[in-house]
Amino acid sequence: MTLRDIEAWERAFTISWLSRRFRVATFGGFAREAWHSRATHLGELAFEDMPKAYAQGAAALNVMRWQDDEGLNIKPFEITASGTPCLCAARPGLEACFTPGTELITFEGPRNAAERLRQLLDNPHQRIAIAAAGQARTLRDHTWKTRVAQIL
């Protein structure tokens with residue numbers, strides 16, 4: 001196991017745990033061999049192909065590294081922009097960018113992630129509404145153009 005695998009242990013564990021209960025696909029540098037994941041690995045994807053990959057799923061998962069205990073990475077913005085519901089590990093600062101439960105779904109740990117994912121899968125109207133609200137919020141408030149205008 002490499003240092004990269006260790007720093008992303010929560011992400012890897014959550015993916016592996018969910019892959020034993022749902023059909024899961026991953027892309028990028030996920031070290032599934034070390035975690036005995038049942039996820040289908042799509043390999044490395046070009047940046048421009050990532051939205052298509054997100055859009056193929058009923059939801060897309062974001063679990064940030066454990067040492068990044070505050071703030072967000074870019075994934076919730078990429079996922080919601082693709083029109084896919086984002087299932088995101090809860091963390092301080094998330095609510096400044098999205099309304100949890102309306103624009104994305106948050107969870108605390110793998111078991112809660114499974115419960116939330118099951119709710120989305122069992123309620124297609126809710127899943128579609130969350131995807132649409134998340135996409136609208138991202139395209140309204142979280143584009144590069146909007147960010148540059150705020151800075152300048």
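The residue of segment 110-127 that is modelled with the lowest pLDDT, among those that are under 10 Å from L18 (Cα atoms) and within 14 Å of the chain's Cα centre (by Cα), is P110. Of all residues in segment 84-100, those satisfying the criterion of being free of Cβ contacts under 8 Å to residues at least 24 places away in the same chain and not hydrophobic (A, V, I, L, M, F, W, C) are P92, G93, E95, P100. Within segment 25-56, which residues are aliphatic (A, V, I, L, M), under 19 Å from L117 (Cα atoms) and either modelled with pLDDT of 95 or more or assigned to a helix (DSSP H, G or I) (or both)? Listed by number, the residues that qualify are A53, A55.
Kindly provide the set of residues from segment 57-82 that are within 12 Å of the chain's Cα centre (by Cα), in contact (Cβ under 8 Å) with a residue 24 or more places away in the chain and in a loop (DSSP other than H, G, I, E, B), ordered by number. Spell out the reasoning first.
Initial filter on segment 57-82 (within 12 Å of the chain's Cα centre (by Cα)): 57-64, 72-82.
If we keep only those that are in contact (Cβ under 8 Å) with a residue 24 or more places away in the chain too, we end up with 57-64, 72, 76-82.
Selection gives G57, A58, A59, V63, M64, L72, S82.
Evaluated against (1) touching a helix residue (DSSP H, G or I) at 6+ places or on another chain (Cβ under 7 Å); (2) modelled with pLDDT of 95 or more; (3) in a helix (DSSP H, G or I), I130 falls short on exactly one condition, (1). Apart from one condition, A114 fits all of (1) without any contact (Cβ under 8 Å) to a residue 60 or more places away in the chain; (2) of a type in the set (A, V, I, L, M); (3) out of contact with any strand residue (DSSP E or B) (no Cβ under 6 Å at 6 or more places or on another chain); the exception is (1).
The values are calculated or read from the model by the stated rules, or taken from the named source; none is laboratory data. Source: prediction; values computed, not measured. In this analysis, Cβ positions are derived from the backbone assuming ideal geometry, glycine residues included, and neighbour counts consider all displayed protein chains.
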